[in-house]
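A short worksheet on the structure shown next.
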Amino acid sequence: MELDELNKHLDLIEKLHDIQEMYQNMEAKALGAQKITEMPHGTGVSDKVGLLAAELADLSGRIQYLQNAIRESAVPIEEWVNTIEEDKTRMIFRLRFLHGYSWGEVAYYVGTGISEETAKQVCYRYLKIIS
């Protein structure tokens, strides 16, 4: 497994998180977008709620697409990661590249006094050894 393959999968996960956050922000703002005042409107016609609904639908489609792409790209990575014999190394790869955790989160969850830098070193040394 090459580092660029792992990073492509990680990029998909990060894009999904970004778009999900954007979706949640737009959804929250859309709930407050419709204001009924009984006052006449100015010139021009605008349907802010309709526009936001269309954008939310577009983002929802993108989220679905990314979720499918992540599932597909995870299969060979998961098969490869499962071949790593050393438990700590396998867990580092799972947390970082399959679940998209930051290096700091990887270090935290692996525990046993491992630092963020150590987690990175374990990963990159392993990739160097097998290449």
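The values are calculated or read from the model by the stated rules, or taken from the named source; none is laboratory data. Note that the structure is predicted; figures quoted are calculated from it, not measured. Surface accessibility is based on the protein's heavy atoms, side chains included, excluding ligands, DNA and RNA. Shrake-Rupley method; radii C 1.70, N 1.55, O 1.52, S 1.80 Å.
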### Query
Mind checking which of ALA28, ALA74, ALA119 has the largest fluctuation in a GNM of the chain, springs on alpha carbons under 10 Å?
ALA28
### Task
Using a 1.4 angstrom probe, figure out how much accessible area the chain has per residue, in square angstrom, rounded to the nearest whole.
70
### Query
Highest GNM mean-square fluctuation, the chain, Cα pairs closer than 10 Å: which of GLU86, GLU105, GLU27?
GLU86
### Message
Please list, in order along the range 95-109, the HN-Hα scalar couplings obtained from phi with the Karplus expression 6.51 cos²θ - 1.76 cosθ + 1.60 (θ = phi - 60°), rounded to whole Hz, x for Gly and Pro.
### Response
5, 6, 9, 8, 9, x, 6, 5, 4, x, 5, 4, 4, 4, 6
### Query
How long is the gain from GLU85 to VAL49 if the chain were fully straight, where each residue apart is worth 0.36 nm and the alpha carbon distance is subtracted?
7.6 nm
#### Entry: the chain: relative contact order in percent, alpha carbon pairs under 8 Å with at least 6 residues between
29
### Query
Could you state the per residue volume, in Å³, of the convex hull enclosing the Cα atoms of the chain?
132
